[in-house]
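Reading through the structure tokens given below for one structure.
Quick note: the coordinates plus some simple rules give every number you see, no bench work behind them. Predicted model only: the values in this text are computed from it and were never measured. Ideal geometry is used to build each Cβ from the backbone, glycine not excepted, and the neighbour counts take in all protein chains shown.
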């Protein structure tokens with residue numbers, strides 16, 4: 001009798017199990033919407049595409065998982081106007097969801113975006129908040145930002161450093177594209193005055209390409225890196241002399257060839273530079289530049305200071321004189337707390353007639369017109 005009862009229990013258990021398997025098979029037959037998958041119970045649950053690089057197309061950009069989809073955090077190049085339409089681009093801090101609507105990006109899901117501080121997501125942005133105890137233990141806010149970010153004293157948050165605008169990249173003549181916390185080099189896109197070849201971005205010799213149209217009949221064309229300039233010839237009697245012992249533009253010197261040519265002066269080898277003991281001299285054509293050595297960073301006063309010092313990238317150093325608190329190319333903002341760039345290109349005569357002015361942070365460049 002006992003064995004009969006046991007057999008009946010086993011048979012009923014198998015029947016229940018078979019019915020459960022049938023229900024799961026029916027549930028599994030119903031397909032989930034894109035961005036979801038069946039779990040063990042046959043329920044559609046969200047797929048975390050950010051957990052596996054092969055399931056997203058962020059290509060190294062920060063990935064934020066959303067309900068039914070994911071978001072690749074793009075560099076801050078989106079337009080500022082609001083947009084909730086199914087077409088167009090979302091403003092900064094927003095991204096298209098699976099339904100094509102602009103929804104807020106929760107930046108706080110990015111690990112370590114605020115360093116040791118607490119991240120609070122806001123509508124279209126985020127804030128890094130430090131509690132009072134941590135503020136007393138670590139009074140220097142600039143040390144709390146991750147690499148590629150700086151602490152903005154006015155807003156109290158960590159903001160992205162635009163390595164391209166500050167020329168902190170190593171892209172050489174390739175186009176630099178700023179990303180959140182870093183940058184990337186667009187290897188097949190070159191700056192004006194350069195063209196892409198199998199050897200990379202190489203200088204265009206405008207004097208050869210433009211031939212006689214580069215300069216006037218009383219000038220000789222001198223090619224330079226990324227541009228060119230027109231050197232006035234000297235009129236002797238009734239003849240123009242464009243060779244032998246002519247004067248060169250600053251940063252160049254006459255060559256020793258029979259015919260006149262201006263060649264670059266290597267200020268780093270000759271010692272004609274003003275780099276400090278914490279800077280390395282790098283020769284350029286023409287001129288040179290002083291780069292901060294490892295462990296140092298340049299602030300807006302033009303000084304190389306130790307990393308994590310109180311003189312942040314966008315702050316006016318307290319030890320600078322109020323008469324001249326900003327370096328060349330910058331001026332003090334209305335709040336008196338930071339230096340802002342001067343747009344030299346507002347001066348119509350700053351470049352010659354063959355060039356166009358491109359403003360950069362702390363300076364400008366004259367590029368040859370392509371059209």
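Here the label points at residue 331 and residue 38, each 7 Å from Cα along the C-beta direction, are separated by 6.9 nm in the simple model. In terms of surrounding Cβ atoms within a 10 Å radius of their Cβ, 54, 213 rank from fewest to most as 54, 213.
Exposure proxy ranking for 294, 184, based on other Cβ atoms within 10 angstrom of each Cβ and starting from the fewest, stands as 294, 184. Each of 182, 270, 355 was scored by other Cβ atoms within 10 Å of its Cβ. Listed from fewest to most, they are 270, 182, 355. Here r is the Cβ-Cβ distance between residue 101 and residue 58 and R0 is 22 Å; the resulting FRET efficiency, rounded to 0.05, is 0.65.
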